[in-house]
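A quick write-up on the structure given underneath.
What follows is calculated from the coordinates using simple rules that are stated; it is not laboratory data. As the structure is a prediction and not an experimental result, all values here were calculated from the model. Using ideal geometry, Cβ is built from the backbone for each residue, glycine included, and neighbour counts are taken over all protein chains shown.
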Amino acid sequence: MLADIKTAIREKGIVVLTGEYVREADAAALIDLAPKTLANWRGGDGRLPYIKRNQRPVYALTDLADYLASA
């Protein structure tokens, strides 16, 4: 799955941050969800781990791959 995500990143021209993280909107696009869904998950059940950088949520590519593998 991680290889598929990296392919999609190249195709969509998504910027990967240090440590292989992507911004919220990019993460949502990669897993075919709305950014608002990710925001709701952060405030609720925490289905997808995230960290904050500069007070903004970012998502690890490995966590996105794990999510897709389990979906």
Proximal aspartates and glutamates to residue 6, defined as alpha-carbon separation beneath 14 angstrom and excluding residues fewer than eight positions away on the same chain
20, 26, 63, 66
Quick one: which residues, 5+ away or cross-chain, put their amide H under 5 Å from the amide H of residue 14? H built at 1.01 Å from N.
none
If each residue of separation counts as 0.36 nm, what is the full-extension length gain between residue 11 and residue 71 once their alpha-carbon separation is subtracted?
19.4 nm
Taking the Cβ of each residue in 51, 31 as the centre, tally the other Cβ atoms inside 10 Å and list the residues starting with the fewest.
51, 31
Given a Förster radius of 22 Å and the C-beta distance between residue 34 and residue 54 as r, what FRET efficiency does 1/(1 + (r/R0)^6) yield to the nearest 0.05?
0.50
Mind checking the dipole of the chain: about its Cα centre, +1 per Lys or Arg Cβ, -1 per Asp or Glu Cβ, Debye to the nearest 20?
300 debye
